Amino acid sequence: MLKSKDDLLNLYKQTREALEREKMRILICAGTGCVANGSLEVYEELQDLVKKYNLPVKIHLVEEVGHEPYAVNISGCHGFCQMGPLVRVEPGGVFYHHVKKDDVQEIVEKHILNNQLVERLLYTHPVTGQTVATQDEIPFYQKQTRVALEHCGRINPDDLNDYIAHGGYQAIARTLFNMTPEKVIKEVLESGLRGRGGGGFPTGRKWQFAASAQGPKKYIICNGDEGDPGAFMDRSVMEGDPHRVLEGMMIAGFAIGADEGYVYVRAEYPLAVKRLKRAVAEAEKAGLLGDNILNSGFSFKVNIKEGAGAFVCGEETALIASIEGERGMPRPRPPFPANKGLWGCPTIINNVETLANLPSIILKGGKWFRGFGTECSPGTKTFALAGQVAHTGLVEIPMGMSLREIVFEIGGGLRENKKFKAVQIGGPSGGCLTKDHLDLSLDYDELRKAGAMIGSGGLVVMGEDTCMVEVAKFFMGFVQNESCGKCVPCREGTKRMLEILTAITEGRAGEEDLLLLEELALAVQDGSLCGLGKTAPNPVLTTLKYFRDEYMAHIRDKKCPAGVCKALLDYHIDQDKCKGCGLCAKVCPAEAITGNKKEPHVIEVEKCLKCGTCMEKCKFNAIYTA
Amino acid sequence: MQQRKFQRLQNIIDSHEGKVSHLIAILQEVQEEYRYLPEEVLTYIATAMGIPPATVYGVATFYAQFSMIPKGKYVIKICDGTACHVRGAEPINFALRKELKLTGDEQTTKDLQFTVETVSCLGACGLAPVVTINENEVHGQMTPEGVLEVLRKFQKTE
């Protein structure tokens, strides 16, 4: 139990020394992505083997004195999920990817015992063919600047001492003992930090409102309800560095005078829930949460609340209703939650990433933070890079970087040499950008000018074989499904818009439908109560603006140029190219393909379900759509 | 039997001190117990907590996590978030539903072994397309054939 600032400092020194005594630290990524690929098996195998070789190994940072030389630990997400399971070896940050259970023996014998690299598990650049040993040399990481993700992949999220050894909870100590609430707010204002959940409202200003609001009690809510399809940075932070989120909440709590906080996490993130719960319990045990923290007079309690699956709960007022145990429906603002929030009390809701930036801002200063990014959008932002890009994963970059740098340098361009067509940024609230926007600076204001928004930072890259009308329909289907139904423009408007988009993709729409679609989009944007409805038409409006010719092809020519919309395509077999291998007939779920062995096959158009499985399987490119 | 069933329910409600603000958490725990929310259970919760059944029903129908119809022993979720969608979540869903002979809006097989549903985003976009089984098993970079292989593994253990 830590009872003073000095206690914390002593623990820091003790854990730091323990860390420095480590001769080698082996970190196995235990983020959702790597776990899915079997990283926990790798971890167990490694533990077994080091025992077998009788190596002096410790699993926790300080508890096992006398076992210093080697540390075997799990870590949070490194961001390079597609290459998982990932293993990082300190010192030096040696980076192994696609590590399987069977590779562990070689890592132990070569690297741990003899300090030699296991070449075949190192990263090889797909174009230059050059192999690099360390994480920092990989192009995916080279252009990144990590603030919120600073410790993700470097520390064990289940070990409070590891966080402390890396300077954790020093920011809250400074806040409590060297700063006043006004000074904390001033520092955050100076940093220019804007809400990372998507809205981009200046965090310091929001805090000012809540600090001056009157109420019997105040609350801090951490918004971990990351429902945007295509975004997963909040999950990675909660899973990879949960204490940092708690520390951010405490700083916010001190600034506005709150003594209680809630973390609202999606139920779809079970690992994040587990790690957060553990972090809260450990922090409470250590006296870093609870009454009179470090004897400073400041008390703070954190509750973990699981969401139950509703996209609209990302909206502040709906989230509050959900915590109160009701249907997650938004209400009109004002009053804003900063004045009247949870149970009528002044409440601040900050996104996970916003909170994760705070400890660094307090320790290094607002000016330091301002050193990154652009004038109006300072700092760094994490993006979830996904879709048809070669390197998918989580990246943190200074604001203002161009789309081209992200997609082609960090992301390594498109896979299978496909042509770049568009980027869908910011999920259903965002929009689609084209190759004309590749040099656009990624910040709040530039994106808004282009009709898109950063949103929570989902960045889905789409190649030439993506149909933009179908993408617009996909998002409309999503928001229509997630509309809470409270206000008519959103409930009915999105439904009608989806109907029109469906008609277009099925070749049943005329040009007048396009005008109606546009009119409806603007009406939904204007008339909806909350952010969900107000931004729901964005994917439609941006695709209409930048890919109108694709809409016209569907309407006028009854064709889908990308070859996606099934109602507008028929599958055929090129009789010259077909070798009669019969693979297509074997995989066809509808038994629509017939033909004799070694003779060209044919597809019966009436039976064909247009699933495309045959085309995928054909080794001779003999199947085409028209 | 009936009595015992409600005793478990009552225990869950009691552990939350019957607080209305804990309704979602109570429903979550109850659903974990029964794998779905039977109608009589919703009525019981309303009576025990002293709130209108409409309130309980309203919350239970609002959130995607709650189901008022029984689910299979294995719940297979196919992620259809943007990243998974553009990298082919649909053919996976198609293959799975065909294999399990699910038609129309049907989600659960008649023998209550498998439930197939699509979800909007599981947050593992780097591994798209993603399929999970009963929350704890995650399969990334899935293909229609791959998912059938996974399915067979479960069918065999039965």
| Once you average over the residues of A:321-329, how many Cβ atoms of partner chains fall within 10 Å of each Cβ? | 5
| said: Using each residue's phi in region A:351-362, evaluate 6.51 cos²θ - 1.76 cosθ + 1.60 at θ = phi - 60° and report the 3J(HN,Hα) Karplus result to the nearest Hz, with x for Gly and Pro. | reply: 6, 3, 5, 4, 5, 5, 7, 4, x, 5, 5, 5
| field | Charge dipole (region A:384-505, unit charges on Cβ, about Cα centre) - positive-most of A:498, A:474, A:431 | value | A:498
| field | For region A:168-366: Kirkwood Rh in Å [reciprocal of mean 1/r, alpha carbons] | value | 16.4 Å
| task | May I ask which residue of B:37, B:55, B:157 lies farthest towards the positive end of the charge dipole of chain B, with charges of +1 (Lys, Arg) and -1 (Asp, Glu) on Cβ and the Cα centre as origin? | result | B:157
| task | Helix by helix through chain B, keep the DSSP H runs that span 27 Å or more along the axis on Cα and average at least -1.0 on Kyte-Doolittle, and give those back in order. | result | none
| Degrees, to the nearest 10: A:511-527 long Cα axis against longest axis of chain A | 20 degrees
| task | Enter the angle in degrees (range 0 to 90, nearest 10) between the Cα long axis of helix A:39-52 and the first principal axis of the Cα atoms of chain A, meaning the one along which they spread out most. | result | 50 degrees
| said: Distance between the C-alpha centers of region A:451-496 and region A:93-148? Whole Å please. | reply: 39 Å
| note | Applying the gyration tensor rule to the Cα atoms of region B:33-87 (axes a ≥ b ≥ c; rounded if a/c under 1.5, else prolate if a/b exceeds b/c, else oblate), the class is oblate
| Classify chain A: rounded, prolate or oblate, from the alpha-carbon gyration tensor (a ≥ b ≥ c, eigenvalue square roots; a/c under 1.5 rounded; otherwise prolate if a/b is larger than b/c)? | oblate
| request: Identify which of B:52, B:129, B:70 has the largest mean-square fluctuation in a Gaussian network model of chain B, with springs joining Cα atoms closer than 10 Å. | output: B:52
| task | Give me the lysines in straight-line cross-link reach of residue A:597: C-alpha distance below 28 Å, same-chain residues under 8 apart excluded. | result | A:577, A:579, A:586, A:607, A:610, A:617, A:619, B:98
| Mean residue ellipticity (222 nm) of chain A, computed from DSSP H runs ≥ 4 via -39,500 (n - 2.57), nearest 500 | -10500 deg cm²/dmol
| note | With +1 at each Lys and Arg Cβ and -1 at each Asp and Glu Cβ, the charge dipole magnitude of the protein assembly as shown around its Cα centre, to the nearest 20 debye, comes out at 240 debye
| said: I'd like the orientation of helix A:181-191 relative to chain A: the angle between its Cα long axis and the longest Cα principal axis, in ° from 0 to 90, rounded to 10. | reply: 40 degrees
| request: Could you tell me the distance between the Cα centroids of region A:555-570 and region B:1-78, to the nearest Å? | output: 46 Å
| message | Using amide H atoms built in the peptide plane, which far-off residues or other-chain residues are under 5 Å from residue A:373 H to H? | response | A:379, A:399
| Dipole magnitude of region A:216-344 about its Cα centre, charges +1 at Lys/Arg Cβ and -1 at Asp/Glu Cβ only, in debye to the nearest 20? | 200 debye
| field | Within straight-line cross-link reach of residue A:419, lysines at Cα separation under 17 Å, skipping those fewer than 8 residues along the same chain | value | A:435
| said: If packing is taken as the average number of other Cβ atoms within 10 Å across a peptide's residues, how do A:82-91, B:91-100, A:378-387, B:109-118 rank, most packed first? | reply: A:378-387, A:82-91, B:91-100, B:109-118
| request: Could you count how many Lys pairs in region A:272-417 have their Cα atoms under 19 Å apart, skipping same-chain pairs fewer than 8 positions apart? | output: 9
| For region B:88-158 versus region A:209-270, the gap between their alpha-carbon centres in whole angstrom | 33 Å
| field | Among A:543, A:185, A:368 the positive-end extreme of the charge dipole of the protein assembly as shown (Cβ point charges) | value | A:185
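FYI, it's all coordinate maths here, none of it is from the lab. Source: prediction; values computed, not measured. Note: ideal-geometry Cβ built from the backbone for every residue, glycine included; neighbour counts use all protein chains shown.
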